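Would you mind keeping the following structure in view while I ask a few things?
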Amino acid sequence: MHDFLSILPLLIIVGGAILLMLLSAFEKVQVEIASFISMAFFAAAFFVQLLVGCGPETVVFAKIFNGMLVTSNFTMVGGLIILGCGFFTAMSAHSYFKVNLFCTLEFYCMMMFAACGMLLLTMSQELISAFIALEIMSLSIYILVGYDRANVTATEAILKYLMLGAFAGAFFTMGTALIYGGTGTTKFAGIATMISATPAAHPFLIAGSFFIFAALLFKVAAFPFHAWVIDVYDGASTPVTGFMATALKTAVFVVFANFLALSAGMHSSWITFLFWVSVLTMFGGNLVAIGQSSLKRMLAASGIVHSGYLLIALVAISTDHFTGSVIGYYLAAYAVGTLGIFAALSYLGGKDEKRGTFDDFKGLAQVRPYSAAAITVFLLSMAGIPPTAGFMGKFYIITSAISAGQTALAVLGVISSILSMWYYLRLVINMYFYEAEDSFEIAGSPLATAGTFVLVVCVFAIGLYPIII
Amino acid sequence: MIQHYLILSIILFCLGILGVISRRNVFTVFMSIELMLNAANLAFITFSRLHLSMDGQVLALLVMAVAAAEAALALAVVILLHKHKGNLDTNVFSLLKG
């Protein structure tokens, strides 16, 4: 019974996705209704996940799935973030598609299938099921990126993402094959016993883990593999970009942490590699972000920087009693800030996303003071200023790095966080210290606006949560 | 004997990487990616033989299913690209820059 309850959120999402897929055969069902249905399913799955809880690590249906799926508190937090992201994305998409008319029912269906792949990915403790979950997620996201078929930019974005994503997927499979060759199993638990049994690492195991790290680093847009993210985020429509930036990153980081924490031998042999990747990701991302004039491209680049901070947390995890609490907290803090700003852009962007650069938002505070204040809160949270969620998240990451003995990494993280103020505050200055040239009229539904203000509350709630508890 | 299959698989994988990097036609690039996936499948089956277990064969079947799904989407994208530009050269697609 407990096994069934642990995967109930996943089943709810799958059921909702299939229901929407069937409904899209009927012409009478309208797109707005589909968005409400998907919101309802996301909310239901969220509360089920919250109520069920998870407790310690449990292997779900050990006999049927042969130990492939494992739930723990960490996967529960990952699941909650993903479901929350899905809910708020459906909200902002509802408003976005009032003015940008290219939506059909399948949009929400694909979004739920993507969420189902992400939930599976967080739970999977076996490389091939992780690969299949990764592909369920990626294939749905590819379609969402290129959803506006008449738009050449979106088509180009899907081409780039699909080519590079499939390339990374091929590396993941080859890595799995090599690990299978080296250890004779693809289950995390089996690999861990194999590593502890033989002190000298098998060459196949090293090569295989390297390929898998390359594929996962590609998915989270870490340093050598970050170039695609800016173009793809720019080409995709705003709600989809928000969904990709938050939920996808959450799912991949959860499986990344699970894989890395499978044994102390695995973690310690890759720690130097991850150290340099995280440093280069933070500073490379900052350099790219400073030069951008488009808001979406700046946010994409800032997403690279946040991947860098999360990699610090991965370097600092302890494999003996792995909980993933620091990573889970930071992912939640990052998700609310980023989702909030993309929800705000969804309703402020206007038809065909005509407002998209820093200059377009000059003087927003005079015309729409509440929206400007909300965006400022999100930006301050991403920059890491107290008392927001982003500050607490960074605080935990830096302290965990110091207690793991990685003082240099902690210092570099703080420096990078100071550098990132440059481009976050630039938007705040544009909004508050210029005369308004635009009237910022908003057509469409108030749902995205409502979502934005709920997320403002979340930023403070998540930021103050550890103090209250 | 086993290592011959492994060497073939690695050669196929490297050919795939080479194709992705050097070819300019979208179609050829996708075909190269399929080649890489099949190289991985060959490696799975070889290791399955080496370990005398059937796991690898099952995994290869699963990878094939995923590769088919990916190919379906890739072909749809190729058709879409051809509609927009009438050309499948990757150099034509250069709107997103900066």
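Each reported figure results from applying straightforward, stated rules to the coordinates on display, with no laboratory input. Nothing here was measured: the structure is a model prediction, and the numbers come from that model. All Cβ positions, glycine included, derive from the backbone under ideal geometry; neighbour counts span all protein chains shown.
Give me the orientation-averaged projected area of the Cα convex hull of the range A:342-436, in nm², one decimal. Before the final figure, lay out the partial values.
Details: hull surface 27.1 nm².
Result: 6.8 nm².
Within a Cβ distance under 15 Å of A:ASN151, other residues only, what is the Lys/Arg minus Asp/Glu net charge? Intermediate values should be presented prior to the final figure.
Working: positive: A:ARG149, A:LYS160, A:LYS296, A:LYS351, A:LYS354, B:LYS83, B:LYS85; negative: A:ASP148, A:GLU156, A:ASP231, A:ASP234, A:ASP352, A:GLU353.
Result for the local shell: +1.
Lysine pairs in the range A:2-468 8 or more apart or on different chains: how many have alpha carbons under 15 angstrom apart? If you can, show how the numbers build up before the last one.
Values: A:LYS63/A:LYS187; A:LYS98/A:LYS351; A:LYS98/A:LYS354; A:LYS160/A:LYS219; A:LYS219/A:LYS249; A:LYS296/A:LYS354; A:LYS354/A:LYS362.
The result is 7.
Same structure again: Write out the trypsin sites (Lys or Arg not before Pro) in the range B:1-52 meeting two conditions: DSSP loop, and at most 12 other Cβ atoms within 10 Å of their Cβ. List each step's numbers first, then the result.
Details: sites: B:ARG23, B:ARG24, B:ARG49; in loops: B:ARG23, B:ARG24.
Of the trypsin sites (Lys or Arg not before Pro), the ones in loops of the range B:1-52 whose Cβ has at most 12 other Cβ atoms within 10 Å are B:ARG24.
Here is a further query. Counting only other chains, what is the mean number of Cβ atoms within 10 angstrom of the Cβ of each residue in peptide A:176-186? Working shown, then result.
Numbers: counts 5, 17, 7, 1, 11, 9, 1, 2, 8, 3, 4.
What the average comes to for A:176-186 is 6.
Mind putting a number on the dipole of chain A about its Cα centre? Charges go on the C-beta only, +1 for Lys and Arg and -1 for Asp and Glu, and I need it in Debye to the nearest 20. Can you show the working numbers first?
Working: 17 positive and 20 negative charges, 65 e Å.
That gives a dipole near 320 debye.
On to the next question. Looking at A:LEU83, A:ALA461, A:PHE358, which one has the Cα that reaches farthest to the positive end of the dipole of chain A (charges on Cβ: Lys, Arg +1; Asp, Glu -1)?
Result: A:ALA461, furthest along the dipole toward the positive end.
Taking the Cα atoms only, what angle lies between the long axis of helix A:203-219 and the longest principal axis of chain A, rounded to 10 degrees?
10 degrees
Right, here's the next one. Each residue of the range A:384-391 in turn: what ³J(HN,Hα) in whole Hz from Karplus with 6.51, -1.76, 1.60 and θ = phi - 60°, glycine and Pro shown as x?
With coefficients 6.51, -1.76 and 1.60, one gets x, 10, x, x, 7, 5, x, 5 Hz.
Right, next: Using only Cα atoms and rounding to the nearest 10 degrees, what angle (0 to 90) does helix A:447-468 make with the longest principal axis of chain A?
That works out to roughly 50 degrees.
Ranked highest first by the average count of other Cβ atoms within 10 Å around their residues, in what order do A:369-378, A:309-318 fall?
On the way: A:369-378: 20.0, A:309-318: 23.5.
Final packing ranking: A:309-318, A:369-378.
Please list, in chain and number order, the residues 5+ apart from A:ARG368 or on another chain whose amide H is under 5 Å from its amide H, with Hs placed from the backbone.
none
Turning to a different aspect of this structure: Given the range A:150-309, report the % of alpha carbon pairs whose separation exceeds 27 Å.
Numbers: 3737 of 12720 pairs.
Counting every Cα pair in the range A:150-309, those more than 27 Å apart make up 29 percent.
Okay, moving on. Amide H neighbours of A:VAL60 under 5 Å, counting only residues 5+ apart in sequence or on other chains, H built in-plane at 1.01 Å?
A:LEU69, A:VAL70, A:THR71
Using a simple charge model, +1 on the beta-carbon of Lys and Arg, -1 on the beta-carbon of Asp and Glu, nothing else, what dipole does the range B:2-89 show about its Cα centre, in debye to the nearest 20?
On the way: 5 positive and 4 negative charges, 52 e Å.
Dipole of the range B:2-89, to the nearest 20 debye: 260 debye.
List the longest stretch of chain A that has no exposed loop site; here a site is one of the trypsin sites (Lys or Arg not before Pro) assigned by DSSP to anything other than H, G, I, E or B, with at most 11 other Cβ within 10 Å. Display every interim value, and only then the final one.
Numbers: sites that count: A:LYS28, A:LYS354.
For trypsin sites (Lys or Arg not before Pro) (loop position, at most 11 other Cβ atoms within 10 Å), the longest site-free span of chain A is A:29-353.
Once the convex hull of the alpha carbons of the range B:2-89 is built, what does its volume come to per residue, in cubic angstrom? Before the final figure, lay out the partial values.
On the way: hull volume 5.1 nm³, N = 88.
It comes to 58 Å³ per residue, whole-number rounded.
While we're looking at this one, here's another question. Cα centroid distance between the range A:269-337 and the range A:1-49, in Å?
After rounding, the separation between the Cα centres reads 31 Å.
Please list, short to long, the whole-number percent of alpha-carbon pairs of the protein assembly as shown in consecutive 20 angstrom bins beginning at zero.
22, 58, 20, 1
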